[in-house]
Amino acid sequence: MATDISPEALNMGKKNAAALGLKDKIDFRLGNLFEPVNGIFDIIVCNPPYISAQDYKELPAGVKIMSRKTPFWPEKADWNFTKN
C-alpha cells in the first residue's frame, strides 16, 4: 500500500509500479500518512518532507519544478506517526 497527499505523486508511483510489473501488487491511496488506511502492518516506510521552507527558497529552479508547491518542512514540525 502507498499513500500520498499529492495526486501527482500517486500517479507517478502508479506509472513506476506498472513499469516494474507491480501494478496489481500495490494499492495507491490519496491521503495524509495513515488517513486513508486501516489495519495492522508489519513494517511502515515513510519519506516525510525534508527541505525547510528557507532551504526551498535557495533551490535551483529545476529542483523546484519537481517538488510540491507547499513548504516541505514546517518550522515547528511535530511528527506523530501513531494511529489510534
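If the condition is being at pLDDT 90 or above and assigned to a strand (DSSP E or B), then segment 1-23 contributes ALA2, THR3.
Results for (1) touching a helix residue (DSSP H, G or I) at 6+ places or on another chain (Cβ under 9 Å); (2) surrounded by 10 or more Cβ atoms within 10 Å (Cβ to Cβ); (3) among the β-branched types (Val, Ile, Thr); (4) at pLDDT 85 or above, shown as yes or no for each residue.
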site	(1), (2), (3), (4)
LYS25	yes, no, no, yes
LEU30	yes, yes, no, yes
VAL37	no, yes, yes, yes
ASN47	no, no, no, no
THR70	no, yes, yes, no
PRO74	yes, yes, no, no
PHE81	no, no, no, no
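The values are calculated or read from the model by the stated rules, or taken from the named source; none is laboratory data. All values reported here derive from a predicted model rather than from experimental measurement. Note that we place each Cβ from the backbone using ideal geometry, even for glycine, and neighbour counts take in every protein chain shown.
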